[in-house]
Amino acid sequence: RGKRAFIAGIADDNGYGWAVAKSLAAAGAEILVGTWVPALNIFETSLRRGKFDESRVLPDGSLMEITKVYPLDAVYDCPEDVPEDVKANKRYSGSDSWTVKEVAESVKKDFGTIDILVHSLANGSEVSKPLLETSRKGYLGAVSASSYSFISLLKHFVPIMNPGGATISLTYIASERIIPGYGGGMSSAKAALESDTRVLAFEAGRKHDIRVNTISAGPLRSRAAKAIGFIDMMIDYSLENAPLQKELTAEEVGNVAAFLASPLASAITGAVIYADNGLNAMGVGV
Ligand code: NAI
């Protein structure tokens with residue numbers, strides 16, 4: 001039987017989530033997607049109208065099929081957590097069952113089990129503010145959307161994951177080195193995500209035979225990254241200073257995810273794996 005993957009955090013064909021989906025599909029996995037509620041409409045419309053068809057092409061020439069797209073807001077664990085103003089918001093009221101618990105229940109109802117869980121989402125409303133100027137609300141919001149969201153996904157999906165399964169998130173080196181411009185508590189959120197990767201690897205490994213890893217990816221011109229504002233500078237910096245002087249493609253990171261999700265990586269868990277042309281290994285720019 002082929003494997004089934006749920007990928008949270010795809011809303012267009014530019015980000016890491018899309019590339020991970022493609023690499024997993026190329027390796028034969030069935031693809032389920034969780035799309036942020038406010039982005040759902042445009043994503044589904046674009047998919048239906050063939051706007052992504054060129055980027056759906058897999059190495060064998062076939063098109064990646066997305067079996068089902070689920071609306072998801074990973075900031076809310078269950079319906080009781082959703083504030084009234086969000087419930088009433090036009091962009092939310094058009095969909096239902098999009099809290100983490102409900103999405104896991106829907107996937108269980110539709111498909112029974114999954115084998116691979118991918119977290120490719122982050123949000124920090126004050127990302128362009130220095131940490132020193134970040135509000136408590138902004139900081140906690142960044143950690144809620146970018147770190148706790150992974151714990152919540154794991155908590156609700158692990159019970160429907162087959163033993164031997166794999167979970168993967170995406171992180172950034174701003175967690176461990178100073179990257180001015182990656183503010184608003186996003187650096188803190190990535191540090192939490194990496195630390196949680198280790199603890200969750202222990203807990204999910206012992207209890208459920210599930211692996212937990214995170215990919216520390218180099219800079220990519222995704223929608224989220226463009227919103228931060230310094231992405232072109234980071235790409236140029238990497239081109240100049242990394243051991244491998246080529247632009248990093250989303251596909252290269254997607255392939256690492258496919259490897260980590262595969263039996264080839266059966267002994268890897270609790271790891272931060274760099275997919276960044278080696279930039280993390282440099283001590284000085286040259
Ligand atoms: P992206 O814009 O393709 O992906 C972020 C996704 O998160 C979007 O689809 C957005 O709709 C979704 N999202 C935001 N809040 C959400 C919520 N509350 N519930 C559900 N979905 C939500 O951008 P990108 O850059 O591909 O991001 C994917 C992951 O890769 C993130 O964790 C990011 O931090 C990480 N990453 C990105 C790098 C880059 O240079 N682009 C570098 C290293 C890591």
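The values are calculated or read from the model by the stated rules, or taken from the named source; none is laboratory data. What you see is a predicted model, and the numbers here were worked out from it, not measured in a lab. FYI the Cβ positions are ideal-geometry reconstructions off the backbone, even for glycines, and counts take in every protein chain you see. Ligands, DNA and RNA are excluded from the accessible area calculation, which covers all protein heavy atoms including side chains. Shrake-Rupley method; radii C 1.70, N 1.55, O 1.52, S 1.80 Å.
Determine whether His119 is crowded, with 16+ Cβ neighbours inside 10 Å and either within 19 Å of Ala21 (Cβ to Cβ) or within 10 Å of the ligand (Cβ to nearest atom) (or both). Before the answer, list the steps.
Values: crowded, with 16+ Cβ neighbours inside 10 Å: yes; either within 19 Å of Ala21 (Cβ to Cβ) or within 10 Å of the ligand (Cβ to nearest atom) (or both): yes.
Yes: the conditions hold for His119.
Take Leu170 and tell me if it is in contact (Cβ under 8 Å) with a residue 60 or more places away in the chain, open to solvent by 10 Å² or more (accessible area, probe 1.4 Å) and not in a helix (DSSP H, G or I).
Numbers: in contact (Cβ under 8 Å) with a residue 60 or more places away in the chain: yes; open to solvent by 10 Å² or more (accessible area, probe 1.4 Å): yes; not in a helix (DSSP H, G or I): yes.
Yes.
Report yes if Ile31 is without any contact (Cβ under 8 Å) to a residue 60 or more places away in the chain and more than 14 Å from the ligand (Cβ to nearest atom), otherwise no. Steps first, answer last, please.
Details: without any contact (Cβ under 8 Å) to a residue 60 or more places away in the chain: yes; more than 14 Å from the ligand (Cβ to nearest atom): yes.
In short, yes.
Just one of the numbered conditions (1) open to solvent by less than 10 Å² (accessible area, probe 1.4 Å); (2) touching a helix residue (DSSP H, G or I) at 6+ places or on another chain (Cβ under 9 Å); (3) not in a loop (DSSP other than H, G, I, E, B) is not true of Ile10; which one?
(3)
Could you please give the count of residues in region 64-116 that are β-branched (Val, Ile, Thr), within 24 Å of Leu193 (Cα to Cα) and within 13 Å of the ligand (Cβ to nearest atom)?
So the answer is 5.
Each row is one residue, and each column tells you yes or no for (1) open to solvent by 20 Å² or more (accessible area, probe 1.4 Å); (2) under 20 Å from the mean Cα position of the chain (by Cα).
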{"position": "Trp36", "(1), (2)": "yes, yes"}
{"position": "Ser46", "(1), (2)": "no, no"}
{"position": "Gly50", "(1), (2)": "yes, no"}
{"position": "Arg56", "(1), (2)": "yes, yes"}
{"position": "Asp73", "(1), (2)": "no, yes"}
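Between Lys129, Lys137, which is in a loop (DSSP other than H, G, I, E, B) and either free of Cβ contacts under 8 Å to residues at least 40 places away in the same chain or of a type in the set (Lys, Arg) (or both)?
Details: Lys137 fails: in a loop (DSSP other than H, G, I, E, B).
Criteria check complete, one pass: Lys129.
Only one residue in Arg206, Arg198 is open to solvent by 60 Å² or more (accessible area, probe 1.4 Å), in contact (Cβ under 8 Å) with a residue 24 or more places away in the chain and away from the ligand (no atom under 15 Å from the Cβ). Which one?
Details: Arg206 fails: in contact (Cβ under 8 Å) with a residue 24 or more places away in the chain.
Among Arg206, Arg198, only Arg198 is open to solvent by 60 Å² or more (accessible area, probe 1.4 Å), in contact (Cβ under 8 Å) with a residue 24 or more places away in the chain and away from the ligand (no atom under 15 Å from the Cβ).
For Gly229, only one of the following conditions fails: (1) at pLDDT 95 or above; (2) within 14 Å of the ligand (Cβ to nearest atom); (3) farther than 20 Å from Ala19 by Cα. What is its number?
Just one mismatch for Gly229, condition (1).
Would you mention how many residues in region 224-248 are under 18 Å from Val118 (Cα atoms) and surrounded by fewer than 16 Cβ atoms within 10 Å (Cβ to Cβ)?
Residues that pass the stated criteria total 0.
Among the basic types (Lys, Arg) and either over 25 Å from Leu132 (Cβ atoms) or touching a Gly at 6+ places or on another chain (Cβ under 6 Å) (or both): which single residue out of Lys207, Lys190 fits that description?
On the way: Lys190 fails: either over 25 Å from Leu132 (Cβ atoms) or touching a Gly at 6+ places or on another chain (Cβ under 6 Å) (or both).
It is Lys207.
Checking the condition within 19 Å of the chain's Cα centre (by Cα), in contact (Cβ under 8 Å) with a residue 60 or more places away in the chain, crowded, with 17+ Cβ neighbours inside 10 Å and in a helix (DSSP H, G or I), which residue from Ala25, Ala19, Ala104 passes? Talk me through it step by step, then tell me what you get.
Values: Ala25 fails: in contact (Cβ under 8 Å) with a residue 60 or more places away in the chain; Ala104 fails: in contact (Cβ under 8 Å) with a residue 60 or more places away in the chain.
Ala19 is the lone residue from the list that is within 19 Å of the chain's Cα centre (by Cα), in contact (Cβ under 8 Å) with a residue 60 or more places away in the chain, crowded, with 17+ Cβ neighbours inside 10 Å and in a helix (DSSP H, G or I).
Being farther than 24 Å from Leu117 by Cβ, assigned to a loop (DSSP other than H, G, I, E, B) and in contact with a Phe, Trp or Tyr (Cβ under 8 Å, 6 or more places away or on another chain): is that true of Gly270 here? Outline the logic, then answer.
Working: farther than 24 Å from Leu117 by Cβ: no; assigned to a loop (DSSP other than H, G, I, E, B): yes; in contact with a Phe, Trp or Tyr (Cβ under 8 Å, 6 or more places away or on another chain): yes.
So Gly270 fails the test.
Working only within region 249-267, note down all residues that are open to solvent by 80 Å² or more (accessible area, probe 1.4 Å) and in a loop (DSSP other than H, G, I, E, B).
Ser266, Ala267 - these are the residues of region 249-267 that are open to solvent by 80 Å² or more (accessible area, probe 1.4 Å) and in a loop (DSSP other than H, G, I, E, B).
Regarding region 148-156, can at least one residue be identified that is open to solvent by 10 Å² or more (accessible area, probe 1.4 Å), charged (D, E, K, R) and within 20 Å of Ala227 (Cβ to Cβ)?
no
Failed condition for Arg136, given (1) open to solvent by less than 30 Å² (accessible area, probe 1.4 Å); (2) over 22 Å from Lys226 (Cβ atoms), with all others met?
Among (1) open to solvent by less than 30 Å² (accessible area, probe 1.4 Å); (2) over 22 Å from Lys226 (Cβ atoms), the lone unmet condition for Arg136 is (1).
If you check Ser55 against the conditions, is it within 12 Å of the ligand (Cβ to nearest atom) and at pLDDT 95 or above?
Details: within 12 Å of the ligand (Cβ to nearest atom): no; at pLDDT 95 or above: yes.
Considered against the rule, which asks whether it is within 12 Å of the ligand (Cβ to nearest atom) and at pLDDT 95 or above, Ser55 comes out as no.
Return only the number of the condition from (1) at negative phi; (2) not in a helix (DSSP H, G or I) that Ser97 does not satisfy.
Exception for Ser97: condition (1).
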